[in-house]
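First up is the structure itself, then whatever we jot down about it.
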Amino acid sequence: MTLINSLLLTALFFSCSITFFLMRKLKFQHKEELQRKDKENQFLISARDNLLRSVNHELRAPLARIKLDVEMLNDMSSKKSLNEDVLFMEGLIDELMDLEKIKVGKLSKNEINITKLIQDVVDRLNIDLESLHFDSSESIDFDCDERLLVKLVKNLLENAYKYRAQGGDVRVNLKNEDKRIVLTVMNEGANIPSEEIPFLFEPFYRAKGSKVNGESGLGLGLNICKEIAIAHNGKIQVSSKKDLGTTFKVVLAK
């Protein structure tokens, strides 16, 4: 072996050794970075949970005191009005807390019969059941957060009933399609202007004409429905045609 070949082999050996050392160092640094980010994420999640608990308590405590004070009033008209305001605030707090829990992935999943769940929601709603038609021919089991799915179904059914055309029906259909579950909720007659559809699922957005009997919602219901669907690896869509009605379609991955 010539001197030049020997030098080349030595240089190659050192080059490989340095490359190996640098790769090991980068791998170790990458692992440390991942561990650091994981600790930061855990800290942020813990801090967020503590903040939610604190905000929840700080908001509900004064409302509880107000409710007690309201009960002492003799003026029934003022009493009714103040109770409605308190219920509105409690509803807003509940919706905001649910949104935050969904976004951080705090779901409690169990396998349930989604057909029975929808039927139970229908039976408990304070509406004219003759106007609501649910096709429950399929019995479908689904792994989900039951409380959140009840909220999704209830929000969609109440909206469909509230904003249907006078005397119009609400039709609910549930299908098991291959590896997904499809829930559709349609009301007859009422329609949503096409320019408003892209904003329907935004938080606090309220469409024109959303007041019914002088009342309007918080503008969080459909946003929560969207987040619940996403949390279950699904999506929600809406289509609306004049004089035909509006259809909300929820697709959930099994």
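Please treat every number below as a calculation from the coordinates, not as lab data. Not measured: the values here are computed from a predicted model. When we count neighbours, we look across all protein chains shown, and the Cβ atoms used for this are built from the backbone with ideal geometry, even at glycine.
Starting from the amide H of ARG180, placed 1.01 Å from N in the peptide plane, find each other amide H under 5 Å away whose residue is 5 or more places distant or on another chain.
Here the answer is LYS254, since their amide H atoms fall under 5 Å of that of ARG180.
Sketch the reach of a paramagnetic label on PHE199 as a point 7 Å from Cα along Cα-to-Cβ, and name the residues of segment 89-107 whose backbone nitrogen lies under 16 Å away.
Answer for segment 89-107: none.
In segment 103-199, which trypsin sites (Lys or Arg not before Pro) are in a loop and have at most 10 other Cβ atoms within 10 Å, using DSSP for the loop call?
Hits after loop and neighbour filter: LYS179.
Test of understanding: extend the Cα→C-beta vector of GLU138 to 7 Å, then name every residue of segment 219-254 with backbone N under 14 Å from that spot.
250-254
Add +1 for every Lys or Arg and -1 for every Asp or Glu among the other residues with Cβ under 9 Å from the Cβ of ASN110, and state the total.
In short, -3.
Let me check against my output: what whole-number percent is the relative contact order of segment 110-253, with C-alpha pairs under 8 Å and at least 6 apart?
Result for segment 110-253 is 23 percent.
With a cap of 16 neighbouring Cβ atoms within 10 Å, and only residues DSSP puts in a loop, list the chymotrypsin sites (Phe, Trp or Tyr not before Pro) found in segment 69-168.
none
Quickly work out the THR19-to-LEU125 label distance, labels modelled 7 Å from Cα along the C-beta direction, and quote it in nm with one decimal.
6.7
Quick one: compute a quarter of the convex hull surface over the Cα atoms of segment 77-159 and quote it in nm².
Numbers: hull surface 28.5 nm².
Spelled out: convex hull of the Cα atoms, projected over all directions, averaged, 7.1 nm².
In whole Å, largest first, what are the principal axis extents of the Cα atoms in segment 110-253?
39, 32, 24
For GLY168, what residues show an amide H to amide H distance below 5 Å, using hydrogens built from the backbone and excluding near sequence neighbours?
Amide H neighbours of GLY168, under 5 Å, 5+ apart: none.
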